[in-house]
């Protein structure tokens, strides 16, 4: 039947009893499958991670610029890594950096959630912020009296 139709005989399920076969144009089938896979790859979204770098001595004014950029990136759906680099003896006072990271997280709490809490990594302290989806904002439970 496949030769008469000038098509291919393709075994679909060889382990079934009896084996299941199908008459089709195998080249066309492979082409359509790769086309679907290509479309699926296009539809995927890559999550980009942006980074802002600070120092423990970074002033309030400069930190405001950095948090403004982070706010814009979070609204665009990107993750933000906040890194505080220690140089020299600054490493002896990690509580200063921890306080800065907490303040940044507080400033951006309306549009982001902390994905990774502040942690030391070598001479850096870092924290990762995740954008909150527009439809999934933090819901505060109303107390009914």
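The values are calculated or read from the model by the stated rules, or taken from the named source; none is laboratory data. Note that the coordinates shown come from a computational prediction; the quantities given were computed from them, not determined experimentally. Virtual Cβ from ideal backbone geometry, glycine too; neighbours counted across all protein chains shown.
Pull up the range 123-136, narrow it to residues that are more than 19 Å from residue 58 (Cβ to Cβ) and either more than 17 Å from the chain's Cα centre (by Cα) or surrounded by fewer than 10 Cβ atoms within 10 Å (Cβ to Cβ) (or both), then point me to the one that is modelled with the highest pLDDT. By that ranking, first place goes to 133. Of the helices (runs of 4 or more DSSP H) contained entirely in the range 1-81, those carrying at least 2 residues that are at pLDDT 90 or above fall at 26-43, 60-75. Of 32, 48, all but one fail to be loosely packed, with under 12 Cβ neighbours inside 10 Å and in contact (Cβ under 8 Å) with a residue 24 or more places away in the chain; the exception is 48. Number of residues in the range 94-120 that are closer than 15 Å to residue 68 by Cβ and touching a helix residue (DSSP H, G or I) at 6+ places or on another chain (Cβ under 7 Å): the value is 5. Going by the conditions given, is residue 116 surrounded by 12 or more Cβ atoms within 10 Å (Cβ to Cβ), on the phi < 0 side of the Ramachandran plot and in contact (Cβ under 8 Å) with a residue 24 or more places away in the chain? No: the conditions fail for residue 116.
In a residue-by-residue description of the range 38-55, the property of being assigned by TED's automatic domain parsing to the domain that holds residue 9 and under 30 Å from residue 3 (Cβ atoms) applies to no position. Would it be correct to say that residue 97 is surrounded by 13 or more Cβ atoms within 10 Å (Cβ to Cβ) and either in contact (Cβ under 8 Å) with a residue 24 or more places away in the chain or within 22 Å of the chain's Cα centre (by Cα) (or both)? In short, yes.
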